[in-house]
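S.K.: This is the structure, below, for whatever I ask next.
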Amino acid sequence: MHKHAYGSKPWLVIITVYMILITALNGYSIYLLRFITDYGLAREMDKLVDVAIQMLIILAILLVLELIGTPLRSLYLSKSMVQMKQAYIDRVLDQDITQVQKEQVNRYLSNLTNDFDRYELKFIKNLMQLIFVGLRFGMSVVLLAMVHWGLVVVAMVLLVVFVKLTSRTSKPVQKTEAKKSASLEAYTDFVDESLQGFEIIKQHQLETERYEAFHAHAEAVQNDNYKVDVKTTQVDALNNLVQTLVMFTLIGGGILVARSTSLSLGSLIVIVSSFGNAMWPLSEFSPLLSQMKGISQVLIDFDKNLTRPVYYRPIRVQSFNELMFDQNDLGYPDEEGSILKDVDLSIKAGEKVLIVGRSGSGKSTLLKTIRQSLVPKKGLIYLNQKDIQSIDPHDYHRLFSTVDQIGFIFNGTVKDNLDLYQAMDPTILENAMHKVGLESLDLSQELINNGSNLSGGQRARLMLARALCLDSSIILCDEIFANLEYSIAKSIENDLLRVEKTLINVSHIIFKESLGRYDRIFIVEEGFVQESHDLSNIWSRMLDEN
Amino acid sequence: MTITQLLGQNRKQFFRYITGALLTTVNGLSQTFALSIAFGIIEAPESSIVPRIVGMFFFAVLPIPLQYLSRFLRIGFMRDVLIQVRSLAYQKIMHRPIEVFKKQSKESAMAMVVSDINLFEKDFFLAILNIVFSFGSFLIGEVILFIISPTIGFGTLIASSLLYIVVRFFEKPTREIKRLTQEANVDYTKQLTNVLQGLEVIKLYRVEMNFKKPFYQIVQHLENIKQKAFRLDEYQGNLNVWIASSYQTLVYIYATYLFIQDELSLTALILVFNLIGQLIWGMINGFNFINRFKASMDIFERITKVEDYPYGLSAFNFKKVLKVKDLSFAYEDKVVLEHVNFEIQPKDKILITGPSGAGKTTLLNCLSQSLSSFTGEVFYDHTEVRAIDPNAFLSNCGYIRQNHFLFNDTIKQNIILNQKYDAEKFALCLKQAALSEWIESLELKAEHKLEQDGANISGGQRQRISIARALYHDKELLFVDEPSASLDDQTALTIYETLLALDKTVILVAHRHLDYLNQRFAIKLELTKAGAHHA
């Protein structure tokens, strides 16, 4: 994200040039003030009127320039924010599929809303202000130089001193800003959880407990904010004190010099207003810079959130021949021990495979490993004799279309959820909807909140239809029958078994009649995966021991 | 809650805040004063130079401790008010009945508790401070100007009025654009959540490019609206700046004229220059902030506006009968339930079946106060369900939904929630929900921590924890919506037997194991698309 830190650079140049123009005209009008004073003193009314008219013309031009300047600045602002947000989402979407983590979602959300808003306010807008202030300072320096070059040296020395001072004092602010970011994130997470679990919270009358916990989060956010304020106050006060002392020492000294030498009143006025103009930029420099430095930490965090280890996976795969587990132990990385041991199975192209097992037996672990969300704890897994971890992730995942029970229904129409914004032949969509028995659903119906306006069965069938629309070699089904009535589930299984693709169907719900149509059946039980050929045994084992 | 009530509650803090804000009014004037003392030195007699230098430094430095003090007086109030506003927003959302909550998108609720408050935070306090500062300074400055030159004092009043007219002119469009910005923010968050929540699906289907486009569009749309808002702000600002600087130039020419006429001293001249600048710029600032203040008040009202929902007040009694009379429900123009009639007694076990889309879950929702917009009536003894106090109802009824939400907490906490922990009862519930074996195999047993929404356990485990939760809470009447969806047959049977053995009323919706269930349940209700039949 760092290369975007200053937003849209071409526009930054444009607005800078424009601001230079405006500032120069402003400076010229102050320069003219000197003549007004001096002509006034000399009682040369003709010349005074001439200069006054010149000034009024400049004022009129300035009005026009300012009015044009506004859209330019707003364009810089919006171009910058669009560019940064797009760059961020690009990075999110370009991540390797094996690194997509659900728990990161809220962090991304917080980055793309809260943090970008703060960055816009505290960095991009402040940057424009900083340029403006800097130009005003420069203009004053030029005006001072017209009176005496020594004054310029003084002004420049001041600038250097103040900038140095600021960069040293902004450190503690940066730290507290980062802390505030963290507590805001926890706050956002908590709100999100409350909304996700709304029904459960209501059902069990947990409002009071949830409210108390929320209050604690809100307090943490505001307390951290308070700490930022305290730090900023201290830093600002210190910076201001030094600046004020230096400035007024200079002004006092200058005036004492002016008193003993002869200086025209006009020049004196220019000095006053120039010092005035140089002074307020100086007093703004430090808060601006400290805010900008404080917030720039956010970009570093963005990069941290988006950076994942890069794996070298050079092997390209075009088609599917065989998937093979070789004495693998499978499990979760942060848990000791493994859930499945010595897994040995191979699935060849075109085979219909059923993997059965009771709830919690480890079927999902097996699936997650195939999908590369989990890395085997022991041994390697091979696709076409190649270690799957060395295969280009896109090539690998292109082979599969996955249907699962969790899935996600996007906000949008039924059609959007089917074709996922890809151009697709309408008959393909209709066929898929027909196959899953959803013809009655209107393709243009709007879905919200992860499909909460569909029934559980419709939701599952819609996700299945989505998978059917996709062209892939292997269909991977994860408990797709769970929310379906028997008749629909059976007809879907029938369709799946007829499709000329490899099928890996993981399910705890099985139908006796169709068991024989699978090429292989694996049972996941007590930490092991075993192939079984005895259909009636499978049936009775899965059904019950009652 | 209104803003006056909020401030009233924090009277003491608010008083400190305003004191702090008032302190800042002296700041600008003090440094102006310091400058004019300094320039007076040119004309002053030798003897007054030292006291003038001392005076200059005094007035120059005075604002710094004042500013420091002012800030500390203010930030405490800011913190307290924001905590309250956040809490109000949260409570408002959580206060909504399930039915209302589900109709709105989660993102708009999220925006209210997160980004809207950030917007409020940004504008509200800054606005108060700047308004107090600007008008305070203006008042003091005007008095000084009138003493020095009534003409200039009067002219400044006129220029300020002109500025005020400009501000009023921009007021309406400013508020309008703020509202649009808010709406655009909601859309943006919606699209964002969409992309982020669906990240895995997007990656699996490799449709990154297809999702980038709508996302880009929504970002562009949001930034366009923000751009308009920014421009409006700037136009107003620029116009004011122009009026101010033109006026300043005029005063400059006039004051020089007065100085030449010996009607002004050099000190007074310098004071006038600086004061005019300060007052005029201060006023611009102040007026701008009036609009921002109003806009932030709009947000505040939106966040805190009380939503009233008609709640029943009657007690819950289910001693004799649950009677459903002619219940019908249509979603938009789609009929879901039509003329459902049945009656059950306490401790009855009833099985509700029917094809998907026949309204099984909808019926449960109507019976359980989760849905109120049905026609016909549902009586618990003599009270219609919608007249029953929701708290009383929830205290007596449990509901195992299909959405098995789990909190980011231990298994144990997810089951007992806010109830007291009773080891014996807990163990029993685990057994009844067929969880004991699995939990025993975990290193931390029931203290095993779940990720948000149970992302680290299987669907069946989630479902069983959700069942154990309902069992532990031990309600008289239990609504159960398809408890076996993610369970294998044997576990499902265990759960059914558990439910049948309960000494409670159980209303079960199921679509699997129907042969078995039809044998075991005495009362059955079969829903069809046409209506309900008692089997």
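Just so you know, all these numbers are worked out from the coordinates, no wet-lab data involved. Remember, it's a predicted structure, so these values are computed and weren't measured experimentally. Backbone-built Cβ (ideal geometry, glycine too); neighbour counts: all protein chains shown.
S.K.: Other chains' Cβ within 10 Å of B:230-238 residues: what's the mean?
M.R.: Averaged over the peptide's residues, the number is 5.
S.K.: Would you calculate the separation in nanometres between label points at A:D534 and B:K172, each defined as 7 Å from the Cα along the Cα-to-beta-carbon direction?
M.R.: The modelled label-to-label distance comes out at 8.5 nm.
S.K.: Rounded to the nearest 5, what % of DSSP beta bridges with both residues in the protein assembly as shown are antiparallel?
M.R.: Restricted to the protein assembly as shown, the bridges split so that about 50 percent are antiparallel.
S.K.: Per residue of A:207-216, count partner chain C-beta atoms within 10 Å of its C-beta, then hand back the mean as an integer.
M.R.: Across the residues of A:207-216, the mean count of other-chain Cβ atoms within 10 Å is 3.
S.K.: Still on this structure, please answer the following. Kirkwood hydrodynamic radius, computed over distinct alpha-carbon pairs, for region A:2-306: how many Å, to one decimal?
M.R.: 23.0 Å
S.K.: Placing +1 on the Cβ of each Lys and Arg and -1 on the Cβ of each Asp and Glu in region B:72-188, which of B:I75, B:I93, B:P150 has its Cα farthest towards the positive end of the resulting dipole?
M.R.: My answer, from the dipole projection, is B:I93.
S.K.: Using a simple spin-label model with points 7 Å from Cα along the Cα→Cβ vector, what separation in nm is obtained for B:K319 and A:S440?
M.R.: 4.2 nm
S.K.: Something else about it: What ³J(HN,Hα) values, in whole Hz, does the Karplus curve 6.51 cos²θ - 1.76 cosθ + 1.60 give for region B:237-248 when θ = phi - 60°, with x put for Gly and Pro?
M.R.: Here the 3J(HN,Hα) series is x, 5, 4, 5, 4, 5, 4, 5, 6, 5, 4, 4 Hz.
S.K.: Roughly how many debye, to the nearest 20, is the charge dipole of region B:368-481 about its Cα centre, given +1 on each Lys and Arg Cβ, -1 on each Asp and Glu Cβ, and no other charges?
M.R.: I would put it at about 200 debye.
S.K.: Report Rg (one decimal) and Dmax (nearest whole number) for chain A, counting Cα atoms only, units Å.
M.R.: Radius of gyration, then largest Cα-Cα span, for chain A: 34.9, 118 Å.
S.K.: May I ask for the longest run of chain B untouched by chymotrypsin sites (Phe, Trp or Tyr not before Pro) that are loop-located per DSSP and have at most 15 neighbouring C-beta atoms (other than their own) within 10 Å?
M.R.: It works out to B:1-310.
S.K.: Name the shape class, rounded, prolate or oblate, that the alpha-carbon gyration tensor gives for region B:178-227, where a ≥ b ≥ c are the square roots of its eigenvalues, rounded holds for a/c under 1.5, and otherwise prolate holds if a/b is larger than b/c and oblate otherwise.
M.R.: It is oblate, given that a/c is not under 1.5 and a/b is not larger than b/c.
S.K.: Where in region A:17-106 are there trypsin sites (Lys or Arg not before Pro) that are in a DSSP coil and have at most 15 other Cβ atoms within 10 angstrom of their Cβ?
M.R.: Here the trypsin sites (Lys or Arg not before Pro) that fit, given the DSSP loop and packing criteria, are A:R43.
S.K.: Sequence-distant or interchain residues sharing an amide H contact under 5 Å with B:Y399, placed H: which?
M.R.: B:F479
S.K.: Going by amide H atoms built from the backbone, whose H comes under 5 Å of the H on B:Y331, apart from near neighbours?
M.R.: B:V336
S.K.: May I pose another question? Report the Stokes-Einstein translational diffusion coefficient (µm² s⁻¹, integer) for region A:322-543, Rh taken as the Kirkwood radius over Cα pairs, at 10 °C with viscosity 1.306 mPa s.
M.R.: Translational D for this selection: 87 µm²/s.
S.K.: Would you mind checking which residues have amide H under 5 Å from A:L447's amide H? H placed 1.01 Å from N; only 5 or more apart, or other chain.
M.R.: Residues meeting the amide H criterion: A:G412, A:T413, A:V414.
S.K.: So, R0 is 41 Å and r is the distance between the beta-carbons of A:A213 and B:H339; what FRET efficiency does that work out to, to 0.05?
M.R.: 0.35
S.K.: Separate question: Across the protein assembly as shown, how large is the tail of the calculated P(r) beyond 39 Å, expressed as a percent of all Cα pairs?
M.R.: 56 percent
S.K.: Name the trypsin sites (Lys or Arg not before Pro) in region B:408-503 that are in a loop by DSSP and that have at most 16 other C-beta atoms within 10 Å, would you?
M.R.: Those satisfying the criteria are B:K420.
S.K.: Helix B:459-473 versus the longest principal axis of chain B: what is the Cα-based angle in degrees, 0 to 90, to the nearest 10?
M.R.: 90 degrees
S.K.: Right, next: Using +1 at the C-beta of Lys and Arg and -1 at the C-beta of Asp and Glu, which of B:V113, B:A229, B:I284 has the Cα lying farthest in the positive direction of the dipole of chain B?
M.R.: Positive-end residue among those listed: B:V113.
S.K.: Then there is this: Longest span of chain A, sites excluded, free of GluC sites (Glu not before Pro) in DSSP loop with at most 13 other C-beta atoms within 10 Å?
M.R.: A:1-334
S.K.: Moving on. In terms of Cα to Cα distance under 18 Å, which lysines are near enough to A:K3, apart from those fewer than 8 places away along the same chain?
M.R.: A:K79, A:K85, A:K122, A:K125, A:K293, A:K304
S.K.: Separate question: In chain A, which whole DSSP H runs stretch at least 15 Å along their own axis (Cα) and average 0.0 or higher on the Kyte-Doolittle scale?
M.R.: Qualifying helices: A:9-41, A:45-93, A:125-147, A:149-169, A:265-306, A:456-469.
S.K.: Please report the antiparallel percentage of DSSP beta bridges with both residues in region A:322-543, rounded to the nearest 5.
M.R.: Expressed as a percentage, antiparallel bridges in region A:322-543 total about 50.
S.K.: For region A:452-537, what proportion of DSSP beta bridges, expressed in % and rounded to the nearest 5, is antiparallel?
M.R.: 50 percent
S.K.: When we measure straight from the Cα of B:K412, which lysines land under 27 angstrom away, once same-chain ones fewer than 8 places off are left out?
M.R.: Within the straight-line limit of under 27 Å, B:K412 reaches these lysines: A:K102, A:K202, A:K363, A:K368, B:K420, B:K425, B:K431, B:K445, B:K449, B:K475, B:K504.
S.K.: Fewest to most neighbouring Cβ within 10 Å: what's the order for B:C429, A:C469?
M.R.: Neighbour counts put them in this order, fewest first: A:C469, B:C429.
S.K.: With charges set only on the Cβ (+1 for Lys and Arg, -1 for Asp and Glu), what does the dipole of chain B come to about its Cα centre, in debye to the nearest 20?
M.R.: Computed charge dipole of chain B: roughly 140 debye.
S.K.: Counting Lys and Arg as +1 and Asp and Glu as -1, what is the net charge of the other residues whose Cβ lies under 9 Å from the Cβ of B:M94?
M.R.: Every neighbour counted, the sum reads +3.
S.K.: Be a star and scan region A:6-20 for residues whose amide nitrogen sits under 12 Å from the point 7 Å along the Cα-to-Cβ vector of A:L121.
M.R.: Taking a point 7 Å out along Cα→Cβ of A:L121, no residue of region A:6-20 has its backbone N under 12 Å.
S.K.: On to the next question. Projecting each Cα onto the charge dipole of chain B (Lys/Arg +1, Asp/Glu -1 at the beta carbon, about the Cα centre), which of B:F15, B:P51, B:L322 comes out farthest on the positive side?
M.R.: B:L322
S.K.: Something else about it: Pairs of alpha-carbon atoms within less than 8 angstrom and 6+ residues apart define the contacts here; what relative contact order does chain B have, in percent?
M.R.: Reported relative contact order: 15 percent.
S.K.: Could you tell me the calculated FRET efficiency between A:D471 and A:W149, based on Cβ-Cβ distance and R0 = 60 angstrom, to the nearest 0.05?
M.R.: Efficiency computed from Cβ-Cβ geometry: 0.20.
S.K.: A further question follows. For region A:282-389, which chymotrypsin sites (Phe, Trp or Tyr not before Pro) are both in a DSSP coil and crowded by at most 14 other Cβ atoms within 10 Å?
M.R.: A:Y311, A:Y312
S.K.: Same structure, new question: Shielding of B:204-217 by partners, i.e. mean partner chain Cβ atoms within 10 Å per residue?
M.R.: If you average over the peptide's residues, the count of other-chain Cβ atoms is 6.
S.K.: So, with +1 on the Cβ of K and R and -1 on the Cβ of D and E, and no other charges, what is the size of the charge dipole of the protein assembly as shown about its Cα centre, to the nearest 20 debye?
M.R.: 2260 debye
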